[in-house]
Each structure stands twice: as structure tokens, then as C-alpha cells.
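The values are calculated or read from the model by the stated rules, or taken from the named source; none is laboratory data. Keep in mind it's a predicted model, so treat the numbers as computed, not measured. All Cβ positions, glycine included, derive from the backbone under ideal geometry; neighbour counts span all protein chains shown.
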Amino acid sequence: MQFPSRRKRLINNAQEEMYGQPIQFYGQPPIENISLSEFETFAVERLKLLKTIENLGVSYVKQSEHYARKLESEFKNLHFPYREVDDRKVQTGPSEFEKRRKDHISHFILRLAYCQTEDLRRWFIQQEVDLFRFRFNELGSKQKLEFLHRNNLQYDTINVEEKKTLLDKLVSSSYAVSGITVEEQDFYKVPFQDALDLVRTRKVYLKAGYVYIPHQDIITIVINDFRTRLSKALALTARSLPIVHSDERLQPLLNHLSHAYVGQDYSIQKNVGKISLEQIDSLSGKSFPLCMKQLHQSLRENHHLRHGGRMQYGLFLKGIGLSLEQALQFWRSEFIRGKVDADKFDKQYAYSIRHMFGKEGRRADYTPYSCMKVILSNMPSQGDYHGCPFRHSDPELLKQKLQVYKVSPSGINQILELVKGMHYQLACQKYFELTHNVEDANFSLNHPNQYFVESQRLLSGGVREPKREPETPHKTKAPSAAVEVPEVIEDLDSFFQDA
Amino acid sequence: MPVSDYDQASLPDLLPLYYRRLFPFAQYYRWLHYGGVHKNYFQNREFSFTLKDDIYVRYQSFTTQSELEKEMQKMNPYKIDIGAVYSHRPNQHNTVKSGSFQALEKELVFDIDMTDYDDVRSCCSAADICSKCWTLMTIAIRILDRALREDFGFQHLLWVYSGRRGIHCWVCDEAARKLSVTARSAVAEYLSLVKGGEETLKKVILSDPIHPFIKESLLVVERYFTRYALHDQEILSRKETLDKVLALVPEDILL
């Protein structure tokens with residue numbers, strides 16, 4: 001009989017329409033019923049995937065071979081789609097369709113969990129963008145074009161005349177573009193607002209508000225588009241949260257999912273007042289990370305710090321437990337020794353310190369900067385002492401400084417190697433290990449206040465527990481082996497068992 | 001202007017005169033009104049004033065030019081800040097449901113402060129300026145003006161002296177007013193070349209090939225460099241600055 005096989009073909013066509021490619025923009029939410037257990041499993045597995053992406057992104061150069069291999073094995077383990085497959089080959093395990101459906105649904109579930117705060121959104125967007133970038137790069141060039149057209153990214157190309165006129169400029173401004181590239185490839189004229197990453201790094205030719213992008217680089221545009229769409233979508237999702245949270249089945253799960261990401265942000269002050277101002281000098285020598293030590297020293301020497309330094313150091317001090325009154329006294333007494341008189345301090349600087357503690361303006365309680373923030377944003381310029389020394393100092397000056405702090409020559413070399421490989425947090429961790437005389441720090445450094453807490457713990461003779469209690473928010477670790485991911489699995493699964 | 005002529009204590013006497021006779025209210029209003037194309041654009045604009053004794057008042061807004069005039073003549077501000085255009089009248093922001101009161105548009109503003117150049121000028125420091133170091137400002141203006149117009153396509157630029165030791169550039173094109181926060185930082189980074197704090201010796205690193213923006217900017221710098229650096233600042237005449245210059249030269253050239 002004809003009917004069964006025709007029906008099967010119809011179903012396959014419908015499936016192809018829905019999930020024609022292994023990646024998508026997630027423009028349409030899924031509209032089907034799924035079981036609660038599928039809801040949970042899908043969400044947890046995507047979260048594992050995103051956390052792997054985060055960890056790998058810190059330890060390896062993105063798009064390098066190591067990165068790709070590790071990420072691919074994760075895709076395979078968790079059954080997520082990442083590249084076109086030959087349908088005719090025999091599949092074991094879930095079908096490609098099932099993987100893509102899971103990809104679709106799990107993304108939207110995590111949107112619910114991660115739309116609630118600025119920090120959560122930023123993290124979610126960052127990992128989803130990295131995920132998207134990886135999978136887009138895996139597509140063949142024909143499939144890339146197909147993706148662009150499916151998603152309505154139509155930019156105009158420039159004609160041969162214009163290409164000839166702009167030849168020199170295009171070659172000298174665009175990355176990896178030669179005269180031949182200009183001749184052979186299409187160049188797209190894109191409004192600069194749609195290509196901010198290329199503009200920001202000056203990797204493209206910009207004229208009269210338009211950037212000229214070779215076809216090979218269209219990925220950046222696509223990624224920007226993805227990021228913008230996701231950002232807007234999250235804002236919208238946040239508005240419908242109250243309804244979602246009123247469903248008792250979903251609320252505990254969503255809460256747990258969003259806490260699973262957040263490493264400690266040190267915004268809730270513990271130990272307020274346990275530190276006295278007299279202790280700060282000695283603490284800075286023993287337990288401050290290099291960035292804060294530098295700021296403290298510069299403050300003592302110059303009796304001043306510029307805004308970037310005041311923010312980075314001031315919030316750190318808040319994180320270690322300084323009260324507002326102590327902070328005001330600390331900064332005031334130091335600034336007075338310099339060119340600022342008491343009156344001027346009260347008028348100009350006291351306001352911003354109170355602001356840090358949430359007592360002015362928006363009354364937002366500002367959180368101490370994480371390593372990522374220190375490394376990536378708020379670049380120091382002339383007259384500044386903030387930033388991350390492993391990232392922002394000249395290697396020569398860094399070396400001298402480490403020598404002054406009595407780090408062994410071999411230790412210094414190890415640190416400089418890590419710096420060369422752009423592993424700034426690992427370099428700082430190595431610095432911790434060398435200055436505290438331990439083989440292994442036993443934690444994965446991602447926050448200056450974390451450095452301080454771990455240092456104090458070590459110095460007061462506390463035993464470092466390798467296992468974490470379920471209540472403590474899970475910190476991300478830099479994976480040195482595949483061991484890391486099972487730990488994530490363990491924590492998340494055990495929570496579910498308890499619930 | 002010789003520093004000794006200006007005396008802050010005389011401001012309470014002079015400012016009322018200034019605001020009655022000299023302040024260009026008509027042009028100010030005409031600018032910020034933007035032709036009335038957008039409804040309530042002027043009415044929803046925030047102004048903030050710094051008054052005598054460092055009193056700072058925010059969320060001022062006005063419905064007409066005359067209201068603005070009267071208020072400024074009453075308050076005699078020492079400093080005026082033009083804020084963003086909001087979703088509602090700033091002076092009524094407390095009556096708006098929390099979360100609804102938002103900044104919608106703002107010009108793209110560049111603020112260049114002479115102290116950012118303290119490491120390359122020796123004639124003055126901090127708040128002092130003179131005609132020797134002001135050349136740095138000229139160079140900066142020419143570089144920025146060209147880039148904003150030719151590279152970014154902006155057309156409506158307002159360059160003003162900030163009042164103390166620098167300049168502001170207000171980019172007023174519609175596209176500029178609508179720029180997102182990320183876009184603004186991208187524009188700023190495109191225009192930035194000097195990176196690094198006190199711990200960085202070589203703050204500018206150029207690679208081959210040179211991006212057209214840098215090439216054009218270098219053309220500007222070259223017009224002024226000899227007079228500014230060699231004659232006025234005499235960087236090769238003093239050991240201290242000579243050493244700094246030598247530290248920037250790549251090793252292989254010295255050998």
C-alpha cells in the first residue's frame with residue numbers, strides 16, 4: 001500500500017522545514033506540549049553545555065583545535081546538534097531531528113531562567129553567542145549563505161567600479177584581505193551600527209558610516225544580529241515572568257537553574273567590620289591579589305587614585321568587609337595627605353564612595369569587579385593604576401615586580417608563559433600558589449575577592465574542602481581534565497534528587 | 001587669559017550680568033529644540049545645574065525658551081550640564097511609575113581633558129593650560145573632526161571649550177542621538193590608540209598595514225609635531241624626556 005511511505009515522507013518534509021539547519025536564531029518559540037521530565041532534562045543538559053563553553057573559553061583560545069575538539073565531544077555526549085549530518089548514514093542514539101528539537105526547546109527554557117537580572121542575562125548571552133559562533137563556523141559556505149537568506153540578512157554588495165576605487169583602503173584595513181580577495185569576493189556595504197565588533201577593533205574599512213565587509217567576514221555581522229535579537233528577547237521574556245513563576249511546577253526548577261551559574265559575586269557583605277583599617281597594609285602584602293596590591297601601593301605613595309582605580313579598589317575593599325564609615329575614613333585620611341583638603345574630599349569624593357555602598361543615586365549596591373570585568377572592561381590609560389597587571393602591565397615591568405615580591409625565577413617564567421598565552425587568571429592563580437607556597441591552589445580563580453578569601457583561609461590554617469556543599473553557589477572551574485564536567489553533573493543532579 | 005584675572009569669588013556678581021546680557025538663549029533653544037520634529041523633545045530634556053557652594057540639582061526641565069531663561073537667571077548656575085532626552089518630563093520623574101522613566105536619546109559627546117596629555121607636556125600640568133600645550137587640543141580636534149565626518153558620516157558637530165582645560169564635541173546627528181551604549185563605546189574604541197596605564201611603557205603599538213584611520217591621523221600629527229614636540233616641549237633637550245623617547249624605540253633599531 002502506498003499510504004504509510006507517503007505519510008512518512010510528509011512528516012520528514014515538515015521536520016526539515018522546522019529544523020532545516022543545525023543552528024538557528026531562535027526567533028520562534030516552540031509550540032508543543034512536553035513532559036515535565038523532558039523540560040527538566042533538556043534544561044539541565046543545555047546548562048551543562050553552556051558551562052562547558054564558559055570553561056573552555058577561559059582556558060583555550062576560542063576556535064583553536066583543542067577548543068574545537070573538546071567542545072565537539074561535549075556536543076556528542078549531550079546529544080546537541082552542531083553540524084550538518086548525512087541523513088543517509090545510520091544513526092545511533094537520538095536522531096538529528098530530535099537533537100535540533102532539544103536545542104530549540106532547551107534554549108527557550110533557559111531564557112526563562114536567565115532573563116531576570118542584568119548579570120544573568122549577560123552571562124547567558126555571552127555563552128549563547130559563543131555557542132552560535134562555533135556552530136556557524138562549522139557550516140559550509142553554501143550553508144552559510146542559505147542561513148543568511150533564511151534569516152533575512154540582506155546587505156548590498158558594492159560594484160566592480162567601487163571595488164577598484166577602494167582597493168588600497170580595503171586591503172590595508174581589513175584583516176586577511178589581499179588584492180585578490182577584493183577581486184574575487186563580494187563586499188557588502190553594512191551600516192556601522194551592525195558591525196560594532198569590527199569597528200571597535202578597527203578591522204574594517206569605514207567610510208561615511210558604512211563598513212565594507214568581505215563575504216568571508218560576514219559572521220561578525222551575523223553574530224551581532226544574534227546578540228541583539230537575543231538581548232531584546234530576554235527583556236521581553238522578563239516581563240512575562242510573573243505568569244511563569246505562578247506555575248508551581250516550574251518555579252523551583254527555574255530558580256535552581258539560575259543559581260547554578262552564579263559564582264559568588266561578593267556583593268553580600270559578610271564579615272562587615274571584622275577588618276580594621278590598621279590591618280589593611282599588612283593584609284595587602286599577604287592576601288591581596290596583585291591588582292589590588294598595586295592599587296593600594298599607588299594610593300599610599302601618591303595619596304590619590306583616579307576614578308577607575310577608586311572603583312576597582314573601593315569595591316574590593318567593600319567586598320572584604322569594610323563598612324561605609326571605615327571606607328570613608330580610609331580614603332579621606334589618605335587623600336588628605338595629598339593635594340585634597342578635607343572639605344574638597346567631602347564635596348567631591350565622599351559622594352562616590354557612598355554611591356559604591358548604595359547610599360546615593362540609584363541606590364544600587366554595586367558588586368566588586370570580577371576578574372573578567374577587570375581584564376576586559378575599563379582599560380587603564382595614562383595616570384591609571386587599575387586593571388589586571390597580568391593583562392595590562394608590560395611583561396618587563398611585571399617581571400621586575402614579581403622579583404621584588406620574591407617570586408622564584410622559575411616561577412616568574414611560568415607566570416610569563418601563561419601571560420603570553422593570554423591566560424591571565426591562571427597566571428594570577430600561579431602567583432597565588434607561589435606566594436603561598438602551595439602546589440595547587442585548589443580553586444579556580446575568577447574574582448579578586450575570592451583570592452583574598454582563599455588566601456586568608458590558607459593563612460589561618462583552614463583545610464581546603466575539595467567538595468562543595470549544595471547551598472554554596474557553584475563556581476566555574478578552569479578544566480584541566482574532563483573531570484570538571486562530571487562535577488557539574490553531580491551537583492545539578494544531586495540537587496534534583498534532594499528536591 | 002592670565003590665570004590671575006579670574007577670581008571665583010566674583011562670580012556671584014558677574015554671573016547675573018552674564019545670564020542677562022551674554023548667554024545665547026535663542027541659539028541654545030533653537031539647537032535643543034531640533035526643529036520640533038519630535039514631540040516634546042525639548043520638554044523632556046534633562047538639565048542639571050551646579051550652583052554656588054557646589055550645590056548640584058538634577059532633573060530640571062523646561063517647556064519653553066522663556067521658562068529656561070527665567071530659571072537660569074534666577075539660579076545663576078556656575079555649571080550647566082545637558083542631559084538626555086527622557087520618556088517623560090524630567091521635573092516630573094517622581095510621578096512616573098518606577099521603571100517607566102527612561103533615557104531615550106542623547107547626543108554623542110566627546111570630552112577631551114588636557115590632563116590626559118600630562119605625560120607628553122612639560123610646560124603645564126593639571127588645570128593649567130597655555131598656548132604651547134593647547135596645540136595638543138588642536139591636533140585632537142582635527143583628528144576627531146575628520147574621523148567623525150569622513151569615517152562615520154556624521155555631519156552636525158558642535159565643538160566647544162569646556163570652560164576649564166579642555167573641549168567638548170557634541171555630535172548631534174539623529175543617528176548619533178539614537179546610538180546604543182555598545183555602539184558609543186565601539187566608536188570611542190575605534191578612535192582610541194593610546195592604551196595602557198602607568199605600568200605600560202609603550203602605549204601605542206602599530207602594525208603593518210596601517211589602518212586608514214591611523215594613516216589620516218598621522219598626517220595631521222606630522223603637520224604639528226616638529227613645532228610642538230621639538231621646539232615648544234623640547235623633548236630631545238632634557239635627559240628625562242629623551243630617555244622616555246629612547247624607551248619607545250624598538251630594540252633592533254638601536255643595535
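Under 31 Å from the mean Cα position of the chain (by Cα), of a type in the set (Asp, Glu) and within 24 Å of B:Ala176 (Cα to Cα) - does that describe any residue in the range A:238-248? No: zero hits.
Does A:Thr237 satisfy the condition of being farther than 19 Å from A:Ile158 by Cα and within 11 Å of another protein chain (Cβ to nearest Cβ)? Spell out how you get there, then give the answer.
Values: farther than 19 Å from A:Ile158 by Cα: yes; within 11 Å of another protein chain (Cβ to nearest Cβ): no.
Here the answer is no, as A:Thr237 does not meet what is asked.
Is it the case, given these coordinates, that A:Leu110 is modelled with pLDDT of 85 or more, closer than 30 Å to A:Leu426 by Cβ and of a type in the set (A, V, I, L, M, F, W, C)?
Working: modelled with pLDDT of 85 or more: yes; closer than 30 Å to A:Leu426 by Cβ: yes; of a type in the set (A, V, I, L, M, F, W, C): yes.
It is true that A:Leu110 is modelled with pLDDT of 85 or more, closer than 30 Å to A:Leu426 by Cβ and of a type in the set (A, V, I, L, M, F, W, C).
Looking only at residues of the range A:173-216 that are modelled with pLDDT under 80 and within 22 Å of B:Glu189 (Cβ to Cβ), we find that the one that is surrounded by the fewest Cβ atoms within 10 Å (Cβ to Cβ) is A:Ala176. Out of all the residues in the range B:142-165, is one or more charged (D, E, K, R), closer than 30 Å to B:Tyr59 by Cβ and modelled with pLDDT of 95 or more? Checked against the condition, which is being charged (D, E, K, R), closer than 30 Å to B:Tyr59 by Cβ and modelled with pLDDT of 95 or more, the range B:142-165 yields no hits at all.
Of everything in the range B:140-179, what is within 20 Å of A:Tyr205 (Cβ to Cβ), of a type in the set (Asp, Glu) and within 14 Å of another protein chain (Cβ to nearest Cβ)? Give them in sequence order. Within the range B:140-179, B:Glu150, B:Asp151 meet the criteria.
Where in the range A:85-181 are the helices (runs of 4 or more DSSP H), entirely inside, with at least 3 residues that are closer than 30 Å to A:Asp247 by Cα?
Values: elements: A:96-114, A:118-138, A:141-150, A:160-173.
Result: A:96-114, A:118-138.
When B:Ser162, B:Ser87, B:Ser61, B:Ser122 are checked against the criterion of being of a type outside the set (Val, Ile, Thr) and under 19 Å from the mean Cα position of the chain (by Cα), B:Ser162 stands alone in meeting it.
Condition check ((1) over 28 Å from A:Ile353 (Cα atoms); (2) modelled with pLDDT under 90; (3) part of a loop (DSSP other than H, G, I, E, B); (4) more than 14 Å from chain B (Cβ to nearest Cβ)) across all residues:
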| position | (1), (2), (3), (4) |
| --- | --- |
| A:Met372 | no, yes, no, yes |
| A:Ile375 | no, yes, no, no |
| A:His386 | no, no, yes, no |
| A:Gln403 | yes, no, no, yes |
| A:Ile412 | yes, no, no, yes |
| A:Ile415 | yes, no, no, yes |
| A:Met422 | yes, yes, yes, yes |
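All conditions in (1) out of contact with any strand residue (DSSP E or B) (no Cβ under 6 Å at 6 or more places or on another chain); (2) surrounded by 17 or more Cβ atoms within 10 Å (Cβ to Cβ) hold for B:Phe25, with the sole exception of (2). Only a single criterion out of (1) of a type outside the set (Gly, Ala, Ser); (2) surrounded by fewer than 20 Cβ atoms within 10 Å (Cβ to Cβ); (3) within 21 Å of the chain's Cα centre (by Cα) is not satisfied by A:Leu110, namely (2).
Filtering the range B:213-250 to residues that are at pLDDT 85 or above and within 14 Å of chain A (Cβ to nearest Cβ) leaves B:Phe213, B:Ile214, B:Lys215, B:Glu216, B:Ser217, B:Leu218. Screening A:Gln251 against (1) under 27 Å from the mean Cα position of the chain (by Cα); (2) within 12 Å of chain B (Cβ to nearest Cβ); (3) without any contact (Cβ under 8 Å) to a residue 12 or more places away in the chain leaves a single unmet condition, (2). Here A:Gln329 fulfils each of the conditions (1) part of a helix (DSSP H, G or I); (2) over 28 Å from the mean Cα position of the chain (by Cα); (3) free of Cβ contacts under 8 Å to residues at least 40 places away in the same chain; (4) away from chain B (no Cβ under 13 Å) apart from (3).
This table checks each residue for (1) at negative phi; (2) within 14 Å of chain B (Cβ to nearest Cβ); (3) crowded, with 20+ Cβ neighbours inside 10 Å; (4) touching a residue at least 24 places away in the same chain (Cβ under 8 Å).
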residue: A:Arg300; (1), (2), (3), (4): yes, no, no, yes
residue: A:Arg306; (1), (2), (3), (4): yes, yes, no, yes
residue: A:Gln312; (1), (2), (3), (4): yes, yes, yes, yes
residue: A:Ser323; (1), (2), (3), (4): yes, no, no, yes
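What residue, of A:Leu153, A:Leu139, A:Leu131, A:Leu120, is in contact with a Phe, Trp or Tyr (Cβ under 6 Å, 6 or more places away or on another chain), buried (at least 16 other Cβ atoms within 10 Å of the Cβ) and touching a residue at least 12 places away in the same chain (Cβ under 8 Å)? If you could, list the steps in order and put the result at the bottom.
Numbers: A:Leu153 fails: in contact with a Phe, Trp or Tyr (Cβ under 6 Å, 6 or more places away or on another chain); A:Leu139 fails: in contact with a Phe, Trp or Tyr (Cβ under 6 Å, 6 or more places away or on another chain); A:Leu131 fails: in contact with a Phe, Trp or Tyr (Cβ under 6 Å, 6 or more places away or on another chain).
Of A:Leu153, A:Leu139, A:Leu131, A:Leu120, the one residue that is in contact with a Phe, Trp or Tyr (Cβ under 6 Å, 6 or more places away or on another chain), buried (at least 16 other Cβ atoms within 10 Å of the Cβ) and touching a residue at least 12 places away in the same chain (Cβ under 8 Å) is A:Leu120.
Taken residue by residue, the range B:114-124 has no member that is part of a strand (DSSP E or B), within 14 Å of chain A (Cβ to nearest Cβ) and under 16 Å from B:His168 (Cβ atoms). Within the range B:175-198, the set of residues being within 15 Å of B:Lys106 (Cα to Cα), without any contact (Cβ under 8 Å) to a residue 60 or more places away in the chain and out of contact with any Leu (no Cβ under 8 Å at 6 or more places or on another chain) comprises B:Ala175, B:Ser180, B:Val181, B:Ser185. Close contacts from the range A:224-235, counting a first residue that is within 11 Å of A:Phe25 (Cβ to Cβ) and in a helix (DSSP H, G or I) and a second that is hydrophobic (A, V, I, L, M, F, W, C) and at pLDDT below 90, with Cβ to Cβ under 7 Å and a gap of 6+ residues or different chains, come to A:Asp225/A:Leu153; A:Phe226/A:Phe25; A:Arg229/A:Phe25.
Under the condition of being more than 19 Å from A:Pro395 (Cα to Cα), assigned to a loop (DSSP other than H, G, I, E, B) and either charged (D, E, K, R) or at the interface with chain A (Cβ under 7 Å from one of its Cβ atoms) (or both), the residues counted in the range B:180-212 number 4.
Only one entry of B:Ala147, B:Ala188 meets the criterion of being of a type outside the set (S, T, N, Q), more than 30 Å from B:Asp243 (Cα to Cα) and surrounded by fewer than 16 Cβ atoms within 10 Å (Cβ to Cβ), and that entry is B:Ala188. A:Lys318 falls short on exactly one of the conditions (1) assigned to a helix (DSSP H, G or I); (2) basic (Lys, Arg); (3) over 18 Å from A:Cys291 (Cβ atoms), and that condition is (3).
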